[in-house]
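Read-outs throughout are calculated quantities, based only on the coordinates presented, and are distinct from any laboratory measurement. These figures come from a predicted structure and were not determined experimentally. Please note: Cβ atoms are built from the backbone with ideal geometry, for glycine as well, and neighbour counts cover all protein chains shown.
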Amino acid sequence: MTITKLEWNELTPDTESYQDVFKQSALTDETVFLLGDTQPRLQYALEQLLHPMATSRFMLAKAPEEEEYLKILAGAVSALQPDEFDVVGGDYQITGATITLTPAQNTEANFAGKNQVVIADWVEAEQLFGCLRQFNNEISLQPGLVHQANGGTLIISLRTLLAQPLLWMRLKTMVTRRRFEWVAFDESRPLPVSVPSLPLDLRVILVGERDSLADFQEMEPELAEQAIYSEYEDNLQVSDAETLAQWCQWVQLVAREADLPSPSADAWPILIREAVRYTGDQETLPLCPLWLTRQLGEVSAMTDAQTFDAEQLTTMLTQREWREGYLAERMQDEILLEQILIETEGEQTGQINALSVVEFPGHPRAFGEPSRISCVVHIGDGEFNDIERKAELGGNIHAKGMMIMQSFLMAELELEQQIPFSASLTFEQSYSEVDGDSASMAELCALISALADVPVSQSIAITGSVDQFGRAQPVGGLNEKIEGFFAICQNRGLDGNQGVIIPVANVRHLCLHQALLDAVKAGQFSIWAIDDVMDALPLLTRLVWDAEGQTTLKQTILERIAQATQQDARHRYPWPLRWLSWFSPN
């Protein structure tokens, strides 16, 4: 049995060990930051693409199709491209209705490639390929992004090409054949003159999210297989001071590029805690430039300096939580006004507090709230009724969790015949669809309580899924779940008996608010980490599942089963013969 009562400093990431890193994190003008410091796989893929002997002129990069990400890729490609390059392209001469092309001798030619890196998150045909214009019998050629990137690299989002398949087909053909052909975009209006084709030396990086990449693979299976592939990694695993210093430098670089203030030494721990809440792991920090610029941008309104301190960042985060907290407060009010019944003291048989995360479409903040699970047991044929499933309010994952829970319990009881009880489990006052298996451990504890007729403490909530061997498995949304239950207990008054049980594998995901840390430090609230559902039962019921020489839950359940079986056997005799059982030695 492994029950660990967590100390307050285990509920938040360790930042005290890295104070020296925070003091030395400032960038200087001489600081050179390479993409390979945080994105080594992506850096290597770019090197392969730009190699003279590259096997493909196309690269697929999994990344958000936002301008900030395209700029990061463009900066990395620019740093890798050689300063010296062969001039490609040409010089178009227009004489009346005649257009001629001569090879470009230098970069001053009107259609000479300049080894540039060009980005495009959305383009139309004329923007990408240029166009031929005719006004007052004068003809002019307007270069597009392809011409600007000739000799270099074009970075373009996949969504613009998937939405315009003809655009993609023309681009692919030109890049593959290394010739740019001038064509009319309107088939009913051909070009008024013939334009010589242009030599094209172009590499293309196609950037898209997972769905866009899947659609592209379906459209171009052969090219998708041959193209160089890599991903922009969303997070950085921080295992030591060196990797943390890399992340701090990345934040400083994002701040400098966006002309935003950077954290002072005392603000880093606050920013890291917010980052951990975003990633959901104490050893994982985000590399998303959009998330970083949002934090830095909001706090910039509170300072005119080049840096911001811990107080300013804390104030900004508190104001944001208040600004976005209307729905969470209304849900808490429903519980505090007893419109939704949640007990946080006393004991009840077959009733337990589970934890859930609520997300509303269009709302930026998820929040946690307790859910009351109840279980009723009666004499029956061993059927376990999932009311949510029968009412078509339970999803497939929830149903799977219920079946796993039942399988574990039946294996533990080691019965030679069907259990003589039927049970009904439900989420009380739940009127929307329920899915996920994060409440399966709570449901199992409620079922055991009902079968044993032993009460469960209502001052303790539990979250976690369970496998067929009873092991506690990690779940998501842990910080929001714990804080949601804590808020209810705090409003009603902390008595030192309240707390939350979590799987031990979830400890690394904890990053809780300061008020909760203070309550744990003062002994007013507890968080226990467990390996197995058997570890949760003594905390909830004050009885162990199975042991020698003491009253146990398993023993109590088996005694109730034996009693119910004996009564059932007696009822099978015709009533004139039932009096014979009076003379039975049992």
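Tabulated data for the structure shown
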| quantity | calculated |
| --- | --- |
| Separation of the GLU181 and ASP83 label points, Cα + 7 Å toward Cβ, nm | 4.0 |
| Under 5 Å, built H, 5+ apart or other chain: amide partners of VAL466 | SER440, MET441, GLN473 |
| Most to least packed among 92-102, 122-132 [average Cβ atoms within 10 Å] | 122-132, 92-102 |
| Acute angle (nearest 10 degrees) that the helix 241-257 long axis makes with the longest principal axis of the chain, alpha-carbon atoms | 50 |
| Extension gain (nm, one decimal) between GLU242 and ASP495, 0.36 nm per residue minus Cα-Cα | 86.8 nm |
| Nonlocal amide H pairs with THR307, under 5 Å, H built at 1.01 Å | SER262 |
| Packing-based ranking, highest mean first, of 302-308, 146-152 given that Cβ atoms within 10 Å are counted | 146-152, 302-308 |
| Net +/- balance of residues flanking ALA125 in space, Cβ distance below 11 Å, scoring K and R +1, D and E -1 | -2 |
| Full-extension gain in nm, HIS363 to GLU311, via 0.36 nm per residue minus C-alpha separation | 16.1 nm |
| Aspartates and glutamates whose Cα lies under 13 Å from that of LYS5, excluding same-chain neighbours fewer than 8 positions away | ASP531, ASP535 |
| Residues of type lysines that LYS114 reaches as a straight line, Cα spacing below 23 Å, ignoring anything fewer than 8 places off in the same chain | LYS71, LYS172 |
| Degrees separating the helix 553-572 axis from the principal Cα axis of the chain, which is the longest one | 60 |
| All-pairs alpha carbon distance profile, the chain, 10 Å steps from 0, percent | 3, 14, 18, 17, 16, 13, 9, 6, 3, 1, 0, 0, 0 |
| Inter-label distance, nm, simple model (7 Å from Cα along the C-beta direction), GLU257/TYR326 | 3.5 |
| Gain on full stretching of the segment that runs from PHE469 to ASP20 - 0.36 nm per residue minus C-alpha separation | 157.1 nm |
| Nonlocal amide H pairs with ASP532, under 5 Å, H built at 1.01 Å | THR2, ALA472 |
